[in-house]
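Accompanying notes for the structure given below.
FYI, it's all coordinate maths here, none of it is from the lab. Keep in mind it's a predicted model, so treat the numbers as computed, not measured. FYI the Cβ positions are ideal-geometry reconstructions off the backbone, even for glycines, and counts take in every protein chain you see.
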Amino acid sequence: MDLRLPTGPVDLAAIPTDATPGFSGGKKDGTKALEELGPELSDLQERLFAEGTSGSTRNLLLVLQGMDTSGKGGTLRHTVGLVDPQGVRIHSFKAPTKEELAHDFLWRIENALPGPGYIGVFDRSHYEDVLIVRVRQLAPPEEIERRYAAINDFEKRLVDGGTRVVKCMLHISAETQKERLLARLDDPTKHWKFNPGDIDERALWPAYREAYEIALERTNSEVAPWHVIPSDRKWYRNLAIGRLLHEALSELDPQWPAADFDVEEQKRRLADEAPVE
């Protein structure tokens with residue numbers, strides 16, 4: 001399942017949104033495959049967390065970017081939800097506050113990074129500052145241009161410091177987004193998820209696609225490459241990201257920390273302990 005984006009110019013229109021690269025089964029098979037991946041993911045995550053309690057600085061950052069309804073929340077529930085929530089830190093970046101706007105755009109990102117041993121998840125991220133900011137012209141062109149290089153430097157620094165960065169662009173079609181928005185309107189329990197402004201944003205679909213193509217090309221680095229995830233099929237999206245997480249954690253290969261005490265001595269102490277009344 002090779003979803004890594006090749007280097008060079010990016011044409012999202014040429015990348016299918018409903019394909020299932022690297023997987024030949026259907027929805028039932030994909031759901032089962034993800035479920036079977038759960039125990040291994042959980043074990044790897046626990047080992048990473050344990051490492052973090054013994055001085056290791058390593059962690060993992062999952063960056064999720066995509067148009068509205070692409071499935072960032074679904075990924076959190078079905079894929080990230082397979083591991084112990086105590087070892088996960090999720091942050092969703094909304095419109096910046098006045099305090100955040102008073103700092104460089106990466107300031108609030110730095111403050112939300114996962115600590116040692118944790119899996120951090122960004123539901124939207126620093127890439128909003130070169131996507132919506134570009135489309136809505138919320139910053140001068142020269143500032144947006146500066147940010148691509150700043151992002152590359154920032155991510156290299158993270159990797160050099162022990163963070164494994166997994167970046168996923170959830171790739172859906174305009175038709176699929178329309179279907180999902182209509183489904184929300186048809187379900188009263190989903191009305192809270194609907195924002196009328198989402199329909200206005202659809203008129204800017206070509207501009208957003210161009211902004212994504214530029215951002216993907218400019219920040220698809222060797223240390224923090226992009227993965228484009230076909231996301232019209234929710235089950236495939238979940239499985240693909242699950243496999244990417246499994247691959248990243250397996251390559252980190254976290255180890256259980258060695259005991260910093262005499263195990264046999266502690267066994268003897270418990271064996272010699274007077275009965276507790």
*Once you've got the GNM for the chain with C-alpha springs shorter than 10 Å, pick whichever of His78, His91, His191 has the biggest mean-square fluctuation.*
His191
*Sort the following peptides by mean Cβ neighbour count (other Cβ atoms within 10 Å, averaged over residues), highest first: 95-106, 147-158, 10-21, 166-177.*
166-177, 147-158, 10-21, 95-106
_How much of the DSSP bridge set in the chain is antiparallel, in percent, rounded to the nearest 5?_
5 percent
*asked:* Angle check, please: helix 174-186 long axis (alpha carbons) against the longest principal axis of the chain (alpha carbons), in degrees 0 to 90, nearest 10.
replied: 80 degrees
*Using a basic spin-label model with each label point 7 Å from the Cα along Cα→Cβ, how many nm lie between Glu273 and Asp260?*
2.2 nm
*Using the Karplus equation 6.51 cos²θ - 1.76 cosθ + 1.60 (θ = phi - 60°), what ³J(HN,Hα) coupling, rounded to whole Hz, does each residue of the stretch 91-100 give in order, writing x for Gly and Pro?*
9, 10, 8, 9, 4, x, 7, 4, 4, 5
*Sequence-distant or interchain residues sharing an amide H contact under 5 Å with Leu5, placed H: which?*
Trp226, His227, Val228
*Taking amide hydrogens as modeled 1.01 Å from N in the peptide plane, which residues meet the under 5 Å criterion relative to Arg164, leaving out close sequence neighbours?*
Asn59, Leu60, Leu61
*Relative to the longest principal axis of the chain, what angle (0 to 90°, nearest 10) does the C-alpha long axis of helix 205-218 take?*
50 degrees
*Between helix 263-272 and the chain: long-axis angle, C-alpha atoms, 0 to 90°, nearest 10*: 60 degrees
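Rounded to the nearest 500 deg cm²/dmol, what is the calculated helix-only ellipticity per residue at 222 nm for the chain, with -39500 (n - 2.57) per DSSP H run of length n ≥ 4?
Result for the chain: -14000 deg cm²/dmol, rounded to the nearest 500.
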*When mean projected area of the Cα convex hull in nm² is calculated directly from the model, which label among (i) 23.3; (ii) 19.9; (iii) 19.1 fits?*
(ii)
*Taking H placed 1.01 Å from N in the peptide plane, check which residues at least 5 places from Ser92 or on another chain put their amide H under 5 Å from its amide H.*
Asp123
*Choice from Pro188, Pro257, Pro225 showing the highest fluctuation, given a GNM over the chain with Cα pairs closer than 10 Å*: Pro188
